[in-house]
Amino acid sequence: MAGPPAETFGARLRQLREAAGLTQEELAERAELSLNAIGALERGDRRHPYPRTIRVLAAALELTEEERTALVALLPKRAGRTFQRDSGDPVSLPTPATPLLGREREADEATALLRNADVRLLTLTGPGGVGKTRLAIRVAMDIRDEFADGVWFVSLAPVIDPELVPSAIVQALAWHENVDPQPRDALLRGLHEMELLLVLDNFEHVVQAAPIVVDVLHSCPRIQIIVTSRLPLRVSVEQEVPVAPLALPANGVDASLEDLAQVPA
Ligand SMILES: Nc1ncnc2c1ncn2[C@@H]1O[C@H](COP(=O)(O)OP(=O)(O)O)[C@@H](O)[C@H]1O
Ligand SMILES: [Mg+2]
């Protein structure tokens, strides 16, 4: 490659592309990105690409691990953040103790919906124990790399008062500065710059807090939310995915013969 590595993300991307002998069009085609996206990245007009974008670019350019790491290191740190997180790990999800059975179809459906940035609120509905929380965790795991600021799981089960939902979310996000006396404002301000998937688990406890979800979605353009709830929130932006009982017993060992006889398969 001619000359030393360029010092900005866009210039370095262009250099790597040219070294690979590709035009912008060819790279766009290989990476299944738009020509506009490649151009904006190279010009430096787009400075916060999705992790997925980086992945497909690295694959299309056949970058080594070192080249990819060095390229990512050139991305500007996001300045002016209202909040900094304590933990560098952008994924906070519970780890279930047992393997997940089935649910591929539902998980794929939910993931596909969330990949459409216009689907801002996905509500997994169904009776208690049907598997909404497990499915939400699975979906969030599957899609976690696609959110620059990661995925965050907020259990609302312990929250009795709907008024306390904003502070429960702020706490779960582990924002350590600006202990704002108005958690709702803090939440909206903090999430405004972020690209993040929130999982709000057990929303049926706090249905009156539905307006705060709507506020977040209105004022924070790159936040998407998965809610689990027995009933839908019935707000206009909502996409409901009903969760039906598994066709197989959740625990084959404990299933009685009677239960097994009910299984269609
Ligand atoms: N697909 C699944 N595979 C294995 N275990 C499951 C599955 N779905 C649910 N479970 C288990 O069943 C119980 C209830 O599931 P959960 O997701 O908490 O239901 P819900 O959130 O609808 O009340 C949990 O112990 C969970 O681990
Ligand atoms: Mg649950």
Exercise for review: Please work out the average accessible area per residue across the stretch 129-208, using the 1.4 Å probe convention, and give it in Å².
Suggested key: 41
Review point. Using a basic spin-label model with each label point 7 Å from the Cα along Cα→Cβ, how many nm lie between residue 105 and residue 207?
Key: 2.9
**Study point:** Alpha carbon Rg of the stretch 9-73, scaled by the compact-globule rule 2.2 N^0.38 Å
**Key:** 0.95
Check your understanding: If ligands, DNA and RNA are left out, what is the accessible area of residue 236 with a 1.4 Å probe, given in Å² to the nearest 10?
Key -> 120
Check your understanding: Contour minus end-to-end for residue 25 and residue 141, with contour as 0.36 nm per residue of separation and end-to-end as the Cα-Cα distance?
Key -> 38.5 nm
Study note, to complete from the structure: Taking 0.36 nm per residue of separation between residue 93 and residue 67 and subtracting their Cα-Cα distance, the length gained on full extension comes to 6.4 nm
Point to revise | Overall Cα dimensions of the stretch 91-242, principal axis frame, Å, largest first | key: 44, 33, 31
Exercise for review: Calculate what fraction, in whole %, of the accessible area of the stretch 9-73 sits on carbon and sulfur atoms when a 1.4 Å probe is rolled over the protein chains.
Suggested key: 45
Exercise for review: List the relative contact order of the stretch 9-73 as a percent without decimals, with contacts defined as Cα pairs under 8 Å and 6+ residues apart.
Suggested key: 40
Point to revise | Residues residue 157 and residue 231, FRET efficiency given R0 of 22 Å [Cβ-Cβ distance, rounded to 0.05] | key: 0.90
Point to revise | Solvent exposure ordering (accessible area, 1.4 Å, most first) of 218, 205 | key: 218, 205
Check your understanding: Please state the relative contact order of the stretch 157-218 as a whole percent: Cα pairs under 8 Å, 6+ residues apart?
Key -> 50
Review point. If the chain between residue 34 and residue 48 were fully stretched, how many nm would it gain, using 0.36 nm times the residue separation less the Cα-Cα distance?
Key: 3.5 nm
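The values are calculated or read from the model by the stated rules, or taken from the named source; none is laboratory data. These numbers come from a predicted model, not from an experiment. In this analysis, Cβ positions are derived from the backbone assuming ideal geometry, glycine residues included, and neighbour counts consider all displayed protein chains. All accessible areas refer to the heavy atoms of the entire protein, side chains included, with ligands and DNA or RNA removed. Shrake-Rupley method; radii C 1.70, N 1.55, O 1.52, S 1.80 Å.
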